[in-house]
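Reading through the structure tokens given below for one structure.
The values are calculated or read from the model by the stated rules, or taken from the named source; none is laboratory data. All values derive from a computational prediction rather than experimental measurement. Using ideal geometry, Cβ is built from the backbone for each residue, glycine included, and neighbour counts are taken over all protein chains shown.
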Amino acid sequence: MSPLVVVLLLLGGVGGAGLTLVVTQLVPTTPDLRAALDRLADQRPSPPLLPETGLRARLGRALLGHSALPGLRPPLRELAILRIEPHVWLGEKALLGVIGLAAPPCLVALLDAAGVGLPWVIPTLASVVTGMLLFLLPSLTVRDRAAIAREDFARAVGAYIELVALERLAGSGTTQALESAALVGRSWVFERVREELLRSRLSGTTPWQSLSRLGEELGVPELGDLSGILRLAGEEGAQVYQALRARGRSLRTVMLTREHARSNAASERMVLPVALLALCFALMIATPAMYHLLVT
């Protein structure tokens, strides 16, 4: 077997393995029911995040002072809701960019070792294109992930508003209602709310001010609406039960409308494939008759 065939087989195997990993990460899989139930039953607080000290963190800290340059400005709201440090995000961009720049020359070196020479223009252009694409990849993925997380946060805030309303109906004070309602949920959203309420208690600020600040930091206006309603109860003694229930109903209506729009868009996208499939089926049926007519 010639060295060229060996190199091509190795490159094909590496490419196939990489494509398999990408597809397995993109295609949704069925979650493990036992693992999901174990996570729901586990009520222990999550361990604190330790600062990273690896190569990615060091590169990110080095680039953090140049974050005003194009492509290096961290999207703070998106990173905040995903709980990703800006220097970690910058380090990931830098590492992916370096990998994209180094991958084509390495492949060309393997081809040269097999006796297949390429002009220097091809690996240079491939390095620039691949490096730019991989460098921009974290910026594209973090916005999609943050949009999904923000939607989950808004959905959980709708449930949290209903719980706060029930606590207020039971006669709890504003602060007690917020804290008691936050203890009910076990998702990451309720954990963030509990952390913010604890921070407000330790700092001496009002809980509605802390929740409003958290809503602005994460880009979740629903949390700001809740804090505005509870500010009226805490500072002016207003009865806010009906206002909370109305806000919860409006949030559910907005989410339901969004789901309907998403389902309608998915149905519209399926019109063209279904039409092409029907056309192919009609051609399959009509082909024998047309062939018979042409022959005779």
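Filtered by the rule that a residue be within 17 Å of R194 (Cα to Cα) and either of a type outside the set (S, T, Y) or within 20 Å of the chain's Cα centre (by Cα) (or both), the stretch 151-164 gives D152, F153, A154, R155, A156, V157, G158, A159, I161, E162, L163, V164.
Any idea which residue in the stretch 178-218 is farthest from the chain's Cα centre (by Cα), counting only those that are of a type in the set (K, R) and either within 20 Å of L244 (Cα to Cα) or part of a helix (DSSP H, G or I) (or both)? Across the stretch 178-218, the extreme among qualifying residues is R201. Per the listing L226, L232, L244, the residue uniquely in the same structural domain as E196 (by TED's automatic domain parsing), within 26 Å of the chain's Cα centre (by Cα) and surrounded by 10 or more Cβ atoms within 10 Å (Cβ to Cβ) is L226. From T53, T124, T29, which residue is polar (S, T, N, Q) and modelled with pLDDT of 70 or more? None of the other options fit; the residue is T124. When each of L125, L107, L134 is tested for being over 27 Å from A233 (Cα atoms) and in contact with a Gly (Cβ under 7 Å, 6 or more places away or on another chain), the lone residue that passes is L134.
Taking the criterion of being at positive phi and in a loop (DSSP other than H, G, I, E, B), would at least one residue in the stretch 84-104 satisfy it? Among the residues of the stretch 84-104, not one is at positive phi and in a loop (DSSP other than H, G, I, E, B), which makes the answer no.
G115 satisfies every condition listed in (1) over 30 Å from W188 (Cβ atoms); (2) of a type outside the set (D, E); (3) part of a helix (DSSP H, G or I) except (3).
L125 falls short of the stated requirement of being touching a residue at least 12 places away in the same chain (Cβ under 8 Å), part of a helix (DSSP H, G or I) and within 28 Å of P74 (Cα to Cα). Any residue at all in the stretch 280-291 that's loosely packed, with under 10 Cβ neighbours inside 10 Å and either touching a Phe, Trp or Tyr at 6+ places or on another chain (Cβ under 9 Å) or among the charged types (D, E, K, R) (or both)? No; the residues of the stretch 280-291 include none that is loosely packed, with under 10 Cβ neighbours inside 10 Å and either touching a Phe, Trp or Tyr at 6+ places or on another chain (Cβ under 9 Å) or among the charged types (D, E, K, R) (or both). Do we have T175 as surrounded by fewer than 19 Cβ atoms within 10 Å (Cβ to Cβ), part of a loop (DSSP other than H, G, I, E, B) and not basic (K, R) here? No.
Residues in the stretch 56-83 that are in a helix (DSSP H, G or I), over 19 Å from the mean Cα position of the chain (by Cα) and among the aliphatic types (A, V, I, L, M): A57, L59, A62, L63, L64. In the stretch 136-155, the count of residues that are out of contact with any Cys (no Cβ under 8 Å at 6 or more places or on another chain) and more than 27 Å from L76 (Cα to Cα) is zero. Identify all residues within the stretch 188-223 that are in contact (Cβ under 8 Å) with a residue 60 or more places away in the chain, in contact with a Ser or Thr (Cβ under 8 Å, 6 or more places away or on another chain) and surrounded by 22 or more Cβ atoms within 10 Å (Cβ to Cβ); write none if there are none. Of everything in the stretch 188-223, just one residue is in contact (Cβ under 8 Å) with a residue 60 or more places away in the chain, in contact with a Ser or Thr (Cβ under 8 Å, 6 or more places away or on another chain) and surrounded by 22 or more Cβ atoms within 10 Å (Cβ to Cβ), namely L223.
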